Amino acid sequence: MKYIDPHIHMVSRTTDDYQRMAQAGCVAVTEPAFWAGFDRSSVQGFFDYFRQLTDSEPKRASHYGIQHFTWLCINPKEADDPIFAREVIDIIPDFLEKPNVLGIGEIGLNKNTKNELKILEEQIALADKFNQLILVHTPHLEDKLKGTRLIMDAIKRNGNIDPGKVLIDHVEEHTVEAVLDQGYWAGMTLYPDSKCTPQRATDIIEMYGSERLWINSAGDWGHSDPLAVPKTHVEMLRRGHTKSSIEQISYTNPAKFLSQSQRFNINDE
Ligand SMILES: [Zn+2]
């Protein structure tokens with residue numbers, strides 16, 4: 001069954017992963033800019049990372065018949081030093097002109113600090129200025145609900161952002177309702193055996209429906225599973241969900257949200 005993985009960090013994955021994803025039906029990925037597992041020592045580190053996301057990674061994906069799109073930002077984990085964060089923000093506008101860039105992301109909060117919040121607001125303003133979609137990272141564990149609320153408040157404070165052009169990722173049972181109620185899109189990040197598993201994601205779909213909701217693997221350099229989306233298909237089929245409702249959550253919905261950027265065009269039909 002064809003699908004889009006709208007949040008996966010392919011720079012950290014092998015060519016075997018691309019191959020297996022293509023065999024499982026993946027036709028496109030979108031890759032948000034994130035923490036690489038270590039702090040970059042200079043703005044040049046981000047410059048080269050953005051070149052990788054906008055130039056070399058799309059070429060690597062194309063060898064497997066997978067379209068590659070990306071999002072740019074300074075991630076919340078490295079945003080606690082505002083002077084450094086602003087140097088990174090300054091180099092983003094030039095990269096927004098690259099053909100595979102869909103928007104600003106994954107921005108958000110990590111430890112909900114004042115500096116993180118300030119840089120989050122500045123990156124929301126950047127998305128507003130350049131009319132970009134936004135992909136939001138929410139903190140894990142006990143900070144998630146508080147962080148999600150702080151982020152939604154920051155977006156509202158900006159005043160110009162249409163919630164329909166913002167996807168809030170890493171939602172769980174206790175945050176999904178608030179996100180959807182305020183008109184945002186919500187993403188469920190699937191993890192192999194903790195947090196949101198394919199079973200829990202299917203529970204959430206059964207409780208809240210599948211409007212404005214997508215699933216993604218967020219595969220990266222840590223313990224994660226680039227095939228989490230097709231594994232969720234199997235779980236949904238096992239529970240009697242129809243092929244069209246499975247296609248909605250993992251193809252039609254992401255395509256609908258992402259198509260609000262003119263850069264997003266799937267050429268698989
Ligand atoms: Zn991520």
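Things to note:
- With a simple spin-label model that places each label point 7 Å from the Cα along the Cα-to-Cβ direction, the separation between residue 239 and residue 153 comes to 3.3 nm.
- P(r) histogram, all alpha-carbon pairs of segment 1-141 included - 10 Å bins from 0, percent: 12, 43, 33, 12, 1
- A simple count of charges around residue 176, restricted to other residues whose Cβ falls under 14 Å of its Cβ and scoring Lys, Arg +1 and Asp, Glu -1, yields -3.
- Projecting the Cα atoms of 107, 120, 182 onto the charge dipole of segment 104-183 (Cβ charges, centred on the Cα centre) puts 120 farthest toward the positive pole.
- Rounded to the nearest 500, the helix-only mean residue ellipticity at 222 nm of the chain stands at -11500 deg cm²/dmol, with each DSSP H run of n ≥ 4 adding -39,500 (n - 2.57).
- Given charges at Cβ of Lys, Arg, Asp, Glu: the chain dipole, positive-most of 261, 234, 54: 234
- Under-5 Å amide H pairs with residue 133, H placed in peptide plane, nonlocal only: 104
- Above-threshold pairs, the threshold being 19 Å between Cα atoms, out of 77/114; 114/146; 165/256; 59/231; 111/231: 59/231; 111/231
- Basic side chains Lys and Arg get +1 at the Cβ, acidic Asp and Glu get -1 at the Cβ, and with that the dipole of the chain about its Cα centre reaches some 320 debye.
- What the phi angles of segment 60-71 give under the Karplus curve with 6.51, -1.76 and 1.60, with θ = phi - 60°, is a coupling list of 4, 4, 5, 5, 10, x, 10, 7, 10, 10, 8, 10 Hz, glycine and proline written as x.
- Cα centroids of segment 195-269 and segment 65-142: 23 Å apart.
- Take the Cβ atoms of residue 195 and residue 91, set R0 to 25 Å, and the FRET efficiency comes out at 0.15.
- Applying a DSSP loop filter and a limit of 16 other Cβ atoms within 10 Å to the GluC sites (Glu not before Pro) in segment 119-169 leaves nothing.
- Length added when fully stretched, residue 56-residue 142, from 0.36 nm per residue minus Cα-Cα: 27.3 nm
- Cα gyration tensor category, rounded, prolate or oblate, for segment 3-258 with a/c compared to 1.5: oblate
- Total charge dipole magnitude, segment 110-176, about the Cα centre, Cβ charges on Lys, Arg, Asp, Glu only, Debye to nearest 20: 240
No lab work stands behind these numbers, since they all come straight from the coordinates. Keep in mind it's a predicted model, so treat the numbers as computed, not measured. All Cβ positions, even for glycine, are placed from backbone atoms using ideal geometry, and neighbour counts span all protein chains on display.
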